[in-house]
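Just below is one structure, and these are the notes that go with it.
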Amino acid sequence: MSERTTRRQFIDRSVRIIGFAGIGGAAGLLIRRASGDPVYQVDPSKCTACDLCRTSCVLSLSAVKAVNDFEKCGYCMLCPAYYDVASQPDEKGIPTGKVCPQDALKRRVVGKVDEDDPNNNYYEYVIDEIQCDGCGKCVKACMPPAGNGSLRLEIRYTRCVECNECAIQIVCPEGAIVRVPAPGLPPTENPGKGEHA
Amino acid sequence: MLNSRFQFIRSRRLWLLILVFATLASGVLFAQYQRKPPAFGGTYSFPTPAHPEPRSALVHVLDVLMLVAGLALGAWLILKRRSRNGVMMLSIGALAYFGFYRKGCVCPIGAIQNVTLSLVDRHYTISLGVIAFFFLPLAAALLCGRVFCGGVCPIGAAQDLVLLWPKKVPRKLDQALGWMAYTYLGLAVLFAGWGLHLKIGAWQIQTGRRFLICEWDPFIGLFRVSGPFHMLAIGAAFILAGMFIGRPYCRWLCPYGGLLSILSRFSWKNVQITPDKELDCGLCAEACPYGAIHNFRADRASCLACARCYEFCPRALELRGGPGRRDDLVQVKLP
């Protein structure tokens, strides 16, 4: 009886040692490869604003929101992402419909204001993040050649729960959801640091 | 013959002309929208779009610290204190923090796939937090058995807390269903790590970089109070089944539970039913909702370290010396 126990104890002890060595070895190997806290982000060069970001995120209100890059924005009066250019124009020739179904794209007049001709004024376009659902209709409308491409979809880390696997990444037809290192900027803004495909 | 040929060329030229005009016209049409950012002079400065930072490294460190603290506390509560109430409190805490606050991520079950993919594909980046979450509970299982399952895993806690009317499952069935976990583990590792295009007749499936466990996790939908319909439905089904059957996901499906089960077979310390003096009354085996007690001894591989056996053990109550049914009995006996 006692011999049996000793054998069992011996097996236990050796497996424990092998187990700890294995765990330590594998962890060590992975730690060498680990990079500083990678996070998900949308690659704007691949994104086609297909509306899957709105529907596929595990959160009921998607973590993806539209963001306006003011450096690229034309500040136009007739913004194709603001006005639905296919809708019926009013008597001044300004379209009556708006692109954003949530009315999340807000604007205010900036610079010198011309009272007589609204076409001469500049408008600053800002996304209301509480209302934006990440459908990407404005992003699509702003894409060149119609627009300047200043609007893009971005994963907002105030909402993203950093799943082991991003549910949008699985369905994204363009492979536009990529993993980037810590500050989580879109890949074009930190070139050479993006993940290899 | 000739005539028809000329007509063809003319019509093609016409189309070409129309195309050129259409392109030019559209260019003019679009030109009204495409403008360079205007020069506002000194009156206006460009706002910079806000980029909220991802969760800071400090939060990841806090996660790992919570995991280590949870494992240590769990081991102490189960192996030393033998307190069911303590384990229950710990699992409520784990459910609140890892489940509802951290929304079920990062979890070691899903980390199986990250670790696999990272080992296979060296370009796949993985964070230190995920590595810690995958390996620490495994090391803990080698030391103290499945303490992670018992008190730290939010998925386990969610099922443990809804177990109101436990029913026994026949031993044979229990063992047979237990193999599903290893099948699931194998499939998850295959789907995460290797890109294969499997085709059997009309049925085809693409593997590689697909995280099966995350796609079908029954409980993250619950923690996030949102998710695709199939996940919420499976979650509700598991919660309903969990009211009568002890932890169906943990015992028969959890792939990480499978790994922990293998390692805990060789654990240094484990749950022991009254190691010094036993009554062999069988109350513990009756109390165990997971069928983990055979011949009055806890089976290391399937014990989920919930401490229910201690709660029902008259000897353990005596040893603990705390207030319990024993004291009530004594009071009744007093004149």
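Tabulated results
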read-out	value
Residues of region A:152-185 that turn out to be more than 10 Å from chain B (Cβ to nearest Cβ) and under 14 Å from A:Lys72 (Cβ atoms), as a count	0
Boolean, A:Asp43 is charged (D, E, K, R), facing another protein chain (nearest Cβ under 8 Å) and under 25 Å from A:Arg179 (Cβ atoms)	no
Yes/no for B:Gly193 being more than 11 Å from chain A (Cβ to nearest Cβ), surrounded by fewer than 19 Cβ atoms within 10 Å (Cβ to Cβ) and among the small types (Gly, Ala, Ser)	no
Meets criteria (basic (Lys, Arg), more than 7 Å from every other protein chain (Cβ to nearest Cβ) and closer than 29 Å to B:Pro108 by Cβ) for A:Arg54	no
Qualifying residue in region B:212-230 (condition: away from chain A (no Cβ under 14 Å) and among the hydrophobic types (A, V, I, L, M, F, W, C))	no
Only listed residue being over 28 Å from A:Gln41 (Cα atoms) and aliphatic (A, V, I, L, M), chosen from A:Val64, A:Val99, A:Val58, A:Val85	A:Val85
Filter pass, B:Ser11 being small (Gly, Ala, Ser), modelled with pLDDT under 85, more than 30 Å from A:Val113 (Cβ to Cβ) and exposed (fewer than 13 other Cβ atoms within 10 Å of the Cβ)	yes
Residues satisfying the stated conditions in region B:221-249, i.e. closer than 16 Å to A:Val58 by Cβ and of a type in the set (D, E, K, R)	B:Arg224
Residues located in region A:64-79, provided they are facing another protein chain (nearest Cβ under 9 Å) and either free of Cβ contacts under 8 Å to residues at least 40 places away in the same chain or farther than 22 Å from A:Ile130 by Cα (or both)	A:Glu71, A:Lys72, A:Gly74, A:Tyr75, A:Cys76, A:Leu78
Given (1) at the interface with another protein chain (Cβ under 10 Å from one of its Cβ atoms); (2) part of a loop (DSSP other than H, G, I, E, B), index of the condition A:Asn119 fails	(2)
Residue tally, condition within 10 Å of chain B (Cβ to nearest Cβ) and acidic (Asp, Glu), over region A:80-90	0
From B:Val106, B:Val162, B:Val120, residue being modelled with pLDDT under 90 and either within 20 Å of B:Gly257 (Cα to Cα) or basic (Lys, Arg) (or both)	B:Val106
Residues of region B:134-163 classified as without any contact (Cβ under 8 Å) to a residue 60 or more places away in the chain and surrounded by 24 or more Cβ atoms within 10 Å (Cβ to Cβ), total	1
Pairs with Cβ under 7 Å, 6+ apart, first in region B:117-133 and more than 7 Å from every other protein chain (Cβ to nearest Cβ), second charged (D, E, K, R) and surrounded by fewer than 22 Cβ atoms within 10 Å (Cβ to Cβ)	B:Leu117/B:Arg209; B:Gly129/B:Asp63
Qualifying residue in region B:288-298 (condition: in a helix (DSSP H, G or I) and among the small types (Gly, Ala, Ser))	no
Helices (runs of 4 or more DSSP H) (entirely within region B:222-271) containing at least 1 residues that are free of Cβ contacts under 8 Å to residues at least 40 places away in the same chain and either under 18 Å from the mean Cα position of the chain (by Cα) or closer than 21 Å to B:Leu177 by Cβ (or both)	B:229-242, B:255-264
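Listed here are the residues, each with its yes/no results for (1) surrounded by fewer than 14 Cβ atoms within 10 Å (Cβ to Cβ); (2) over 28 Å from A:Tyr122 (Cβ atoms); (3) modelled with pLDDT under 65.
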| position | (1), (2), (3) |
| --- | --- |
| B:Thr23 | yes, yes, yes |
| B:Tyr33 | no, no, yes |
| B:Phe40 | no, no, no |
| B:Ser45 | yes, no, no |
| B:Ala57 | no, yes, no |
| B:Val61 | yes, yes, no |
| B:Val64 | no, yes, no |
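The values are calculated or read from the model by the stated rules, or taken from the named source; none is laboratory data. If you're wondering where the values come from, they're calculated on a predicted model, not measured in any experiment. So basically every Cβ, Gly included, is an ideal-geometry build from the backbone, and we count neighbours across all protein chains shown.
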